[in-house]
1. With a ≥ b ≥ c the root eigenvalues of the C-alpha gyration tensor of the stretch 1-106, is it rounded (a/c under 1.5), prolate (a/b larger than b/c) or oblate?
2. Considering only DSSP beta bridges with both partners in the chain, what is the antiparallel share in %, to the nearest 5?
3. Using a simple charge model, +1 on the beta-carbon of Lys and Arg, -1 on the beta-carbon of Asp and Glu, nothing else, what dipole does the chain show about its Cα centre, in debye to the nearest 20?
4. So how compact is the stretch 341-416: Cα radius of gyration and Dmax in angstrom?
5. As I understand it, the dipole of the chain uses +1 on the Cβ of Lys and Arg and -1 on the Cβ of Asp and Glu, about the Cα centre. Which of Pro326, Leu6, Gly257 lies farthest toward its positive end?
6. Who wins for biggest fluctuation among Gly208, Gly324, Gly101 in a Gaussian network model of the chain, springs between alpha carbons below 10 Å?
7. First compute the accessible area of the chain with a 1.4 Å probe, then give the percent of it belonging to carbon and sulfur atoms.
8. Lys/Arg Cβ at +1, Asp/Glu Cβ at -1, dipole of the chain taken about the Cα centre: which of Gln42, Pro193, Thr131 is farthest positive-ward?
Amino acid sequence: MSSALLSYGEAQALVATHAVRLTPLGTERVALAEANGRVLAQVLRADRDQPPFSRSTRDGYACRAAEANTHHSLALAGSTRAGELPSAALPISSVWEIMTGAPVPEGADAVIMVEHVGASGGRVRLLPPRTIAPGENIVARGAQARIGDELLVPGATIGFAQIALAASCGCPLLEVFLKPRVAILNTGDEIVPVEAEPGPAEIRNSNGPMLAALVRDAGGEPWVLPTAPDNTQALEAALREACEADLVLISGGVSAGKFDLVEPVMASLGARFHFTGVRIQPGKPLVFAEIPSTNPHQNEDRAKHCLGLPGNPVSSAVTFLLFGAPLVRALAGRTHRGPRFALARLAEDVKGKAGLMRFLPAHCNFAATPGEFPIVWCVEWQGSGDLVAMAHSNCFLVLPEDAERISVGETVRILLA
Ligand code: AMP
Ligand code: MG
């Protein structure tokens, strides 16, 4: 067991090398309506050109741009509504009335908006000084995609846009990766269930539901086990059970206290430790290990990755976002795995910490003023047990290791949930 503390970058890289070897455990078919948030396991191909016909994007008049730009009045030769094919090609010196979403008649190369014409006595003219360019207000057949094109590949996270695209390709069902089952084993003699009335020195289990939500966000299926007490035997039994999942998250019991038994219990199950501490705050005692399978039918490849998260809620959340989410996303089949960072401008001076990279609960306004970064400020907090502060934050301010002080106005990184 190594006791050297890794830098954030070293620990992140190490987790990433493990993540690339993790693959989803299978696929299933789900209805399009149920596919939101799932990960695509198939190629989605265009079953026809998109758009399938040259489509008008406006209500107006299909024309030849060169004829319209003479501003002479042109004969109204016909009309097409969405859902119909034009009954003929566009005759010379004519326009064709057309509705948004309708196919443009053969021969037309632009659509004049209805607002831009003068119409009388069955004739229509483009009102000067306005002119129109060829192609205006028409999306040509196949401009978005050609029949047979690969539109989405396995690993894409399915959201509203991917659902719309699949619907447009005639896919009522999608092949998606199975969600990985992620065990959440909370530890601590002082921890009681949410429903229980805590004794004077007891704490409600907030990490269980919090980690379950984070696991779901990353594409996993949480499995919250009964909280394990700080006793070797009980913890060992609970950890053995947790190892039946695809990934194991433990919260608490990884610090240097007398009853922090997670590391020795992992060791007794034959764990291979990748690291047992990272130079970050909060989250320094984080443990990353692999526990060999006790099932003789499973080989070493299926050793369970196990993260021992420090029990303080902010520590658990930050270490999950940095190190747990990439593992869950990999098992879920997502192409994008890494934690998400953004840039913002600091609203106040903030002190760093020698030898530790810091992640402080912060609030970013995410304002999109051109040429300006969003503004971020720290939420006042009482340390890594402060759930109130975390609930009032929407990101974590990242302070580089050894930054003594970051001044108001500087550009900083923020960690997004
Ligand atoms: P530990 O990492 O076990 O030393 O715990 C650090 C702090 O986090 C202690 O104050 C614990 O009471 C608290 N804590 C541990 N587990 C949980 C949990 N599941 N929910 C809320 N707080 C917790
Ligand atoms: Mg504890």
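The values are calculated or read from the model by the stated rules, or taken from the named source; none is laboratory data. Note that the structure is a prediction, hence the values are computed from the model and not measured. Glycine also receives a Cβ, built like all others from the backbone with ideal geometry; neighbour counts cover every protein chain displayed. With ligands, DNA and RNA removed, areas are computed over all heavy atoms of the protein, side chains included. Shrake-Rupley method; radii C 1.70, N 1.55, O 1.52, S 1.80 Å.
1. Here the stretch 1-106 falls in the prolate category.
2. 70
3. 1020
4. Cα-based Rg and Dmax for the stretch 341-416 come out at 11.9, 37 Å.
5. Value computed over the given set: Pro326.
6. Of Gly208, Gly324, Gly101, the Gaussian network model singles out Gly101 as fluctuating most.
7. Percent of accessible area from carbon and sulfur atoms in the chain: 54.
8. Result: Thr131, furthest along the dipole toward the positive end.
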